[in-house]
Amino acid sequence: MKNKIHFVLLAAGAVLLAIGVFFFGRICAVKDSIYADYNLSFSDASFQQVFINDHDEATVKADFDAAILAAAQSGATTEDEAGIEAPAEEAPAEEAPAEVAEPAAEEALEAIAEASPYDTVIGSYSRVSSLRTAWKLQGILFGAGLLLCLAAVIVVLRSKHLDFAAIMRSKITWAVIAEILILIVGLFIRPDFFNISYQPASRMLYGNLIDIINRSAEITIIGMGMTLVIALGGTDLSVGALVAVSGAIALKLMRWDPTNPLYQTPGDYSVYPFILVLLVPLLVCLLMGAFNGVLVGQLKLQPIIATLILMVSGRGIAQITTNGKQFTTMYTPFRWIGQGSCLFLPTPIIIMALVVVSVMVFVRKTAFGTFVESVGINPSASRLSGINSKVIILIVFALTGFLSGISGLIYSSRIMSNDSNNAGLNYETDAILSVVIGGTSMTGGKFSLVGTIIGSIIIRTIVTFVYFFGVASEATMAFKAMVIAVVIVLQSEPVRNWMAKRSQARAMAKGGAVK
Amino acid sequence: MSEKSGKRLSLFSRIMNPKYIMVYATVIIFLIIYAYGAIRYGSIGFTTLRTFVNFFTDNAYYGISAVGMTMVLITGGIDLSVASVASLTGMIIAYGYERMGISPVITMIVSILIGVGLGALMGAAIHYLNVPPFITTLTGNFLARGICSLISRESISINHPLIDALAGFKITLYHMVDGEWVKIKPITNINLTVIIFIVMIILGTILLQHTRFGRNVYAIGGSESSAKLMGLPVGKTKVAVYAINGFCSALAGIAYVLVVKSGWNMALQGGELEVISSAVIGGTLLTGGVGYMIGTMFGVLLKSVIPAIINFNGTLSSWWGKIATGALLLLFIVIQQLVVSYTGKKKAGR
């Protein structure tokens, strides 16, 4: 029975998710039919305002008319085929489409004046309420399905030795349980937290779940390197500063023209070839990471203080790279890194997946991971057994620097600018926390890359949650601290041993009763 | 060695004890940088007493916090929560008086109690739950900063006579000219924050060097398991050290309030690393067991003298200060490493 339970959980979760997808399709269809009826497209926020929030019929009608009017006046409603095909091209040339849109907007306004669009487009209130029910059900189904699948993951992770005590002792279990608890709370308060919708304009899926993974990309990417650093028994405090350096160099290469030193309005161009814009920051970050590696490996400095050097001076270097300027750009290929879509998902998710897979292959399919663990557990013993710990340390720190560079490119592409003061602020602490929540011990040794991903998702879930419920952004830290405190206490050795002992005792008592 | 044990060592050999070598390195580098400034910018007032006193005034709140941090580092721990606890202190004082009408005296006492309580709690988590200090205090940092933001997200200025009086309190230095006491020109004032800073350094030195508690702190830093085997109260000492550090951070917060006369949720962001790097530059080893208050004081002074030189130069970007601090840090830890490996070899040789 015990070894079947994950199949049951997984199957139930999959069924719920499938029904959720059906409702997702239904909502998309209704949305599309509304848009097609009237040749318009709402923003996600106003769609939610009209169809999803709990209102009576009159309010819905008024809201709908107001939304149409607002959309028509802003000129964004008449997104014909061309507009949907190439949304990015609209941005650089702001003047032209506005003029084109004006007559169309006028038409729409006239149409609105003729008849209440609510009657023509929606027809009846029942259509709205069915949509609303579908929306709510979709949230509940997605949420519940996801939770069941996560529960199955816990079981599968431990399926090799389905021993309850071992599950209780595993740190990843606690991390996943924490994530599940947060999501359950969300499911009870606001089921629509889990909703996912499709935006044809940017050709990607939207929703809080997608957003959590999307926004956790930077920390997860850095976390891959940080896990290895922590497995060596060190920490890397410089990653946040390297994020700033990477962004500063990339923006400087795109915007800084030696032949034309004047600062011009940003446009859709890059001074240097795009490949250089990508490679130079990554190379510089790799070298800075290697610098850390030399300090730690060759000079045998304490990692925390060795990387503090670059943490303190890194932001200074970033500022001096751009002469304290904040460059902005509109360069489309660069925008794609952080804001574009790939396979119907935001690009950062795809980049993150690529990084995670390649690091996992590098670490687990070669002996490298074992070397790292060995150096982390006992450096002198591993030296005696012929492992060149200096090279291992150098590679790990250089890799972390390189990954921070990737993260920096994503961050600066999200804001399309460089911000030496705030880029990557507190990334080092977030990355270290996700590694620790993921179950890798700060004392070094065994590590878990999967745990780090879960840790980084937990951190981002808390942040997204707090945003979703409209709490001030700085105050997220308090919630973060509380959740992390609970996870850390649950994961701490005395507590885990106590739990494992208790469950073992209970299992023994049960076994005795059966006999 | 045995013949020496009964006899008091001569002053010279006591001063030249190799265990002070890091402190001397700090002092010498401070003097070199000061001498450089004196030669380059002596004509525009770098050598005046006022500039010198300002080295203390500029970073007094970091210095107060660094006193507690030095003890934490000597036990082999680390505390990343100091800056946000200081910020929380400022917020409590500002919000308490401006929005709730509570006298600053009460809020100061309350915030010091909060600092001590949070410190003791973190110390207990570190020792009894065996959570790494880095993670525990990072959580404390998030908690304090988050509570700060929950209280208020905007800067609240404080207009209270007591705060004004404390902030305005200063001792003007006089000197004797022709048998008459005259104010030193340019007028040199010693603020209350500087007095607190120096008093805390002296108290910290006494606590570390001349009490049983201080010896326990060094013993724990040297080797925690040995200290435990010797029967020293490891748990109590560690909790006490973190509580003292919480006290110092709250006091630093009060000193910061006296400087800016306001409370802000994002005040002193990144200050914990300033404090840690001051202590490290002052010769405290992050591995624990080594460190002196006087070194920490010079570490804080070094952190003030570099911006001062950049100020006097007038053309350099202030960002060079960050890079110079980084370079200085590199220099110090390389020296430390050389000293440690040298003494280690010497010990092994014996």
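The values are calculated or read from the model by the stated rules, or taken from the named source; none is laboratory data. On a predicted model such as this, the values are computed, not experimentally measured, just so you know. Virtual Cβ from ideal backbone geometry, glycine too; neighbours counted across all protein chains shown. The accessibility values were calculated without ligands, DNA or RNA, using every heavy atom of the protein model including side chains. Shrake-Rupley method; radii C 1.70, N 1.55, O 1.52, S 1.80 Å.
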For this session: Output the Kirkwood hydrodynamic radius of the range A:286-333, Cα pairs only, in Å rounded to one decimal.
Result: 12.5
For this session: Please identify the helices of chain B, taking whole runs of DSSP H, that span at least 18 Å along their own axis as judged from the Cα atoms and have a mean Kyte-Doolittle score of 1.0 or higher.
Result: B:21-41, B:60-74, B:82-98, B:104-128, B:133-151, B:192-210, B:234-260, B:293-313
Problem set entry | Relative contact order computed over chain B (Cα-Cα under 8 Å; 6+ residues apart), in percent | 32
Exercise. Roughly how many Å² is the accessible area per residue of the range B:20-99, as a whole number, for a 1.4 Å probe?
Worked result: 33
Exercise. Per-residue accessible area for A:Thr429 at 1.4 Å probe radius, Å² rounded to 10?
Worked result: 20
For this session: Select from the range A:432-458 all residues whose loss of accessible area on going from the chain by itself to the full protein assembly reaches 30 Å² or more (probe 1.4 Å).
Result: A:Leu433, A:Met442
Problem set entry | Rounded FRET efficiency, nearest 0.05, which uses the C-beta distance separating B:Val334 from B:Lys19 and R0 of 25 Å | 0.85
For this session: Name the residues of the range B:282-296, by number, that are at least 50 Å² less accessible with every protein chain in place than in the isolated chain; the surface is that of heavy atoms, probe 1.4 Å, without ligands or nucleic acids.
Result: B:Leu286
Exercise. Can you give the average number of partner chain beta-carbon atoms within 10 Å of each beta-carbon in peptide A:293-305, as a whole number?
Worked result: 3
Seminar exercise, completed: A 1.4 Å probe over the protein heavy atoms gives the range B:114-165 a carbon and sulfur accessible-area percentage of 65
Exercise. Tell me, Kirkwood radius of the range A:234-362 from alpha-carbon pair distances, in Å?
Worked result: 16.4
Problem set entry | Over the range B:89-237, volume per residue of the alpha carbon convex hull, in Å³ | 181
Exercise. Which FRET efficiency, nearest 0.05, do A:Lys300 and B:Asn130 yield, Cβ-Cβ r, R0 30 Å?
Worked result: 0.70
Seminar exercise, completed: The simple spin-label model distance between B:Asn159 and A:Thr370, using points 7 Å out along Cα→Cβ, in nm, is 7.3
Exercise. Hey, got the Cα dimensions of the range A:413-515 along the principal axes, in Å, largest first?
Worked result: 69, 35, 20
Exercise. Counting only protein heavy atoms, what percent of the accessible surface of the range A:356-515 is carbon or sulfur at a 1.4 Å probe?
Worked result: 65
Seminar exercise, completed: the range A:425-515 accessible area per residue, 1.4 Å probe, protein heavy atoms, integer Å², reads 43
Seminar exercise, completed: Of the accessible area of the range B:205-267, computed with a 1.4 Å probe and all protein chains kept, carbon and sulfur make up a percent value of 64
Problem set entry | Largest to smallest principal axis extent of the C-alpha atoms in the range B:220-350, angstrom | 54, 36, 21
Exercise. Chains B and A: what accessible area do they bury, summed, in square angstrom to the nearest 100, with a 1.4 Å probe?
Worked result: 3500
For this session: Kindly flag which residue pairs out of A:Lys252/B:Lys322; A:Lys300/B:Lys228; A:Lys300/B:Lys303; A:Lys300/A:Lys446; B:Lys185/B:Lys303 have an alpha-carbon separation exceeding 23 Å in this structure.
Result: A:Lys300/B:Lys228; A:Lys300/B:Lys303; B:Lys185/B:Lys303
For this session: Return the inverse of the average 1/r over all pairs of distinct C-alpha atoms in chain B, which is the Kirkwood hydrodynamic radius, in Å to one decimal.
Result: 21.5
For this session: Please give the average number of partner chain Cβ atoms lying within 10 Å of the Cβ of each residue in B:149-160, rounded to a whole number.
Result: 2
Exercise. Sorted by packing (mean other beta-carbon atoms within 10 Å per residue), highest first, where do A:328-340, B:272-284 land?
Worked result: B:272-284, A:328-340
For this session: Over all alpha-carbon pairs of the range A:354-493, lay out the pair-distance distribution in 5 Å bins, whole %, shortest bin first.
Result: 2, 8, 14, 19, 18, 16, 12, 7, 3, 1, 0, 0
Exercise. For the range B:154-193, how big is Rg over Rh, using alpha carbon atoms and the Kirkwood form of Rh?
Worked result: 1.24
Exercise. Using alpha carbon coordinates only, what is the Rg to Rh ratio of the range A:382-424, with Rh defined as the Kirkwood radius?
Worked result: 1.30
For this session: For the range B:167-242, restrict the atom set to alpha-carbon positions and state the Rg and Dmax in Å.
Result: 20.9, 64
Problem set entry | Neighbouring partner chain Cβ atoms per residue of B:128-138, average, 10 Å criterion | 6
For this session: Starting from the Cα gyration tensor of the range B:261-318, multiply each eigenvalue by 5, take the square root, and state the resulting semi-axes largest first in whole Å.
Result: 24, 18, 10
Exercise. Suppose R0 equals 25 Å; then what is the FRET efficiency for A:Thr259 and A:Leu283 from their Cβ-Cβ distance, rounded to the nearest 0.05?
Worked result: 0.55
